[in-house]
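Have a look at the structure below before the remarks.
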C-alpha cells in the first residue's frame, strides 16, 4: 500500500505532466485521456483512463488549470491561462507540482 505522502506526490507530478503536455505547441493546447495515458507511460506511470479523467476534473474544479469536455467515454481537456501560467512559472497552483521540482 502506498503511503499518503507518496500518493499525493504522484498525483501532483502527474498533474504537472498533463499541463506540460497541454502547453507543448505540438498539442495545440488540447488533448484527451487516451493521449495522456500514452504520455504518462513515458514516465512509467500505468494509469487508467478513469484515473486520468478524475485528475482532469480535479484540476478543472480546484485550480481552473484546464477546461474539460466529455463525449461518450472520452474526456478531452484544453489548457487555460491559469494552467499555462503555472507551467511557465508565473503563478503556482496548489495541488500541482511546481515546474522544476523533481519531476
note = Filtering the stretch 31-53 down to residues that are within 17 Å of residue 72 (Cβ to Cβ) and surrounded by 13 or more Cβ atoms within 10 Å (Cβ to Cβ) yields 31, 32, 33, 34, 35, 36, 37, 49, 52, 53
request  = Sort out which residues of the stretch 66-90 are assigned to a strand (DSSP E or B) and farther than 13 Å from residue 23 by Cα, and write them in order of number.
outcome  = 67, 68, 69, 70, 71, 74, 75, 76
query = Hey, any hits in the stretch 46-54 for a residue that's under 12 Å from residue 22 (Cβ atoms) and touching a helix residue (DSSP H, G or I) at 6+ places or on another chain (Cβ under 6 Å)?
reply = no
query = Mind checking whether some residue in the stretch 82-89 is surrounded by 13 or more Cβ atoms within 10 Å (Cβ to Cβ), over 12 Å from the mean Cα position of the chain (by Cα) and over 17 Å from residue 24 (Cα atoms)?
reply = no
inquiry  = Every residue in the stretch 54-65 that is surrounded by fewer than 17 Cβ atoms within 10 Å (Cβ to Cβ) and either touching a residue at least 24 places away in the same chain (Cβ under 8 Å) or in a loop (DSSP other than H, G, I, E, B) (or both), please.
reply    = 58, 62, 64
message = Can you tell me which residue is nearest to residue 13 (Cα to Cα) among those in the stretch 26-42 that are part of a loop (DSSP other than H, G, I, E, B) and at pLDDT below 95?
response = 29
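The values are calculated or read from the model by the stated rules, or taken from the named source; none is laboratory data. The model shown is predicted, which means the values in this text are computed figures rather than measured ones. Cβ coordinates were reconstructed from backbone atoms using ideal geometry, including for glycine residues, and neighbour counts include every protein chain displayed.
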